[in-house]
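J.: Submitted below is the structure of interest, expressed as structure tokens.
The numbers here are math on the coordinates, done by the rules we state, and not lab data. Given the structure is predicted, the values throughout are model-derived calculations rather than measurements. Cβ atoms come from the backbone with ideal geometry, glycine included; neighbour counts cover every protein chain shown.
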Amino acid sequence: MEKQNLMSEFQKARRKFKPALPSVLRGGPQSVKPKAGKRTESVSDRETVKKLFPNTYGMPVISLAKGGNQQVSKKTVRVGVVLSGGQAPGGHNVIAGLYDGLKKANRKNTLIGFLGGPSGILENKWIELTGNIIDRYRNTGGFDMIQSGRTKIESPEQFDVTKKVLVSNKIDGLVVTGGDDSNTNAALLAEYFKKEKLPVSFIGVPKTIDGDLKNEQVETSFGFDTATKVYSELVGNTCRDVNSGRKYWHFIRLMGRSASHITMEVGFMTQPNIVLVGEEVLAKKMTLSQVVNYIADIVAKRAGDKKYFGVVLVPEGLIEFIPEMKELIVALNDVLAENEKEINSMAGIDEKRNFVCGKLEHHLAELMRSLPLGISSQLMLDRDPHGNVQVSQIETEKLLIDMVKTRVSELARGGGFKNKFTAVTHFFGYEGRSGAPSNFDANYCYALGYNAAVFALNGYTGYLSSVRKLVKKPEKWECGGIPLTMMMNIERRKGKEKPVIQKALVKLNGKPFKMLQKDRDRWAVTESYLFPGPIQYFGPSSVTDMTTKTLKYEQSKKGK
């Protein structure tokens, strides 16, 4: 009763939303027949990946079709679920769909929630997820039902602990809800348990607001739709403000550690003056100075028209896409990994930078010294558990503003325009990760969880839950599973070569980027701003159920 009193009016209304299931799942797991397709290969590094996953490599893509499958109702299972990595809107509906799918097959089935992410498995911390618990969290944002964490299970000792915990708790399957790194963990665990001849299923669910976990079978990761709509509201509000006051340039950094999908989608939704795409910068081998010149030229052109204002969208991971900066970061990763204890013992930033520069090649040391001390120190921050630089801590927008200011001053002296460049910075990140899921994400996540239940009940392991044809109505969505090894490649992490699910970057020959190319020159010099407003949960379907522009363009034959 206390929980009920703490709910807002919106939450009370939102609890009444009933996610729509794809028609193939509506009869329950006992009415679904899995069908195997052709054997698969990894996206690259095939021989290496095959050697690392001898027991799970090459499995077929599975599709689901209607058909009798009563054996899934004749057994009682205990399935665990873990939320891994950063939050994404819709995670609670994944758990709700998983729970409902298990209970639909057999009311005696049990769902176990491991607390605090993968560390909950290692520490044997869990709760049984009952109907009362699940119902409190349906259609809500966040991961607070069982919380999340970034612990990586990869060492032999951790595998051994995981085995003991899952076996002692009589767990028949584990659903790992996470991004590329977390689902790489799921693949490693599936391989380990297969080798140990232990009948535990490991099923992944594609989660990340960054949008970089996708392929032909996984059209989008959950949370991307909601997060980009939240950011689009904020950016649209900023565009309206700048169009009203007309005196500031707003540099807005948006989440997206390894890909620019969020920035591009928000660009479509709001049409700001400048949308930077990291993948384009990398393909053109642009230097930091060239990126700055591109921005400064647009600032100067607008100033020439007496427009001393504008909005710039900066992807969080931009700095890693600039080739010279990417080379520096890769070298820094190795230096920091090899000299971790010595560097951590140093107190001052100057001492750390001098030490690191002494370990770098000359041209990289010069680049490191040319950066503002604040940026240099941010580049030397501790890596995350997966060995990635913490780009959310690097204030790229401030670096760009400092350099653009200098360049615009140079252009103003010979360009015949007044230099009134005044900039404001923003970072929109955590605001979008735990919002109430849009109708799309509420439906999609529920289907992903229900679909994962079907795979666990049928004893599949090493698969990612896949729901496709997402631009259609939910009842027409297609369900199945894709082998996790199919998405693998080999990457360098913490100085070592490791198998990792390949990130999906913005495709420069893809329809979404081509649409951006078509419009951005006009956006640069005009006020084409759009104001999408907040996510709509109630009202006409044309407003409440719309998908992202990215998904629409990718699925459209004409790209319109």
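J.: Can you tell me how region 108-177 classifies by the Cα gyration tensor, rounded, prolate or oblate, using a/c under 1.5 as the rounded cut?
T.: oblate
J.: Suppose each label sits 7 Å from its Cα in the direction of the beta carbon; what would the Met346-Glu47 distance come out to in nanometres?
T.: Those two pseudo-labels are separated by 4.1 nm.
J.: Follow-up question, since we're still on this one. If you wrap a convex hull around the Cα atoms of region 450-560, how much volume per residue is inside, in Å³?
T.: Details: hull volume 22.9 nm³, N = 111.
Expressed per residue, the convex hull around the Cα atoms of region 450-560 is 206 Å³.
J.: Tell me the relative contact order for region 479-560 as a rounded percent, counting alpha carbon contacts under 8 Å between residues six or more apart.
T.: Rounded, it is 20 percent for region 479-560.
J.: Quickly work out the Asn509-to-Gln71 label distance, labels modelled 7 Å from Cα along the C-beta direction, and quote it in nm with one decimal.
T.: Using points 7 Å along Cα→Cβ, the separation is 4.4 nm.
J.: Which of the residue pairs Lys66/Lys552; Lys51/Lys195; Lys284/Lys514; Lys229/Lys284; Lys66/Lys476 have a Cα-Cα distance greater than 22 Å in the structure shown? Walk me through the numbers before you get to the answer.
T.: On the way: Lys66/Lys552 28 Å; Lys51/Lys195 13 Å; Lys284/Lys514 16 Å; Lys229/Lys284 29 Å; Lys66/Lys476 13 Å.
Going by Cα-Cα distance, Lys66/Lys552; Lys229/Lys284 fall outside the 22 Å limit.
J.: Here is a follow-up. What are the semi-axes of the equivalent ellipsoid for the chain, taken as the square roots of 5 times the Cα gyration tensor eigenvalues, largest first, in whole Å?
T.: Numbers: eigenvalues 343, 167, 85 Å².
Largest first, the chain gives 41, 29, 21 Å.
J.: What nm distance separates the two modelled labels at Ala337 and Lys125, each placed 7 Å from Cα along Cα→Cβ?
T.: 2.9 nm
J.: If we count every other residue with Cβ under 12 angstrom of Ala504's Cβ, Lys/Arg +1 and Asp/Glu -1, where does the sum land? All intermediate terms of the calculation are to be shown ahead of the outcome.
T.: On the way: positive: Lys214, Lys503, Lys507; negative: Asp180, Asp210, Asp212, Glu216, Glu219, Glu279, Glu554.
In short, -4.
J.: Quantify how much of the Cα-Cα distance distribution of region 275-400 extends past 27 Å, in percent. Write out the running numbers ahead of the final one.
T.: Numbers: 1889 of 7875 pairs.
Cα-Cα pairs in region 275-400 separated by more than 27 Å: 24 percent.
J.: Answer rounded, prolate or oblate for region 236-344, using the Cα gyration tensor with square roots of eigenvalues a ≥ b ≥ c: rounded when a/c is under 1.5, else prolate when a/b is larger than b/c, else oblate. It would help to have the intermediate numbers written out before the result.
T.: Numbers: a/c = 2.41, a/b = 2.08, b/c = 1.16.
Prolate, since a/c reaches 1.5 and a/b exceeds b/c.
J.: Quick one: if the Förster radius is 22 Å, what FRET efficiency do Gln290 and Arg492 give, using the C-beta to C-beta distance and rounding to 0.05? Spell out each step's value before the answer.
T.: Details: r = 26 Å, r/R0 = 1.19.
That pair, Gln290 with Arg492, gives E of 0.25.
J.: Add +1 for every Lys or Arg and -1 for every Asp or Glu among the other residues with Cβ under 11 Å from the Cβ of Ile482, and state the total. Write out the running numbers ahead of the final one.
T.: Working: positive: Lys214, Arg468; negative: Glu216.
Neighbourhood net charge equals +1.
J.: Is the C-alpha gyration tensor of region 71-147 telling us rounded, prolate or oblate? Criteria: a/c under 1.5 is rounded; beyond that, a/b larger than b/c is prolate, otherwise oblate. Provide the component values of the computation, followed by the final result.
T.: Numbers: a/c = 2.19, a/b = 1.38, b/c = 1.59.
Oblate, since a/c reaches 1.5 and b/c is not below a/b.
J.: Please report the spacing between the Cα centers of region 265-307 and region 404-462 in Å, no decimals.
T.: 17 Å
J.: Mean separation of Cα pairs under 8 Å and 6+ residues apart, divided by the residue count of the chain: what relative contact order is that in percent? Walk me through the numbers before you get to the answer.
T.: Details: 1170 pairs, mean separation 133.8, N = 560.
Dividing the mean separation by the residue count of the chain yields 24 percent.
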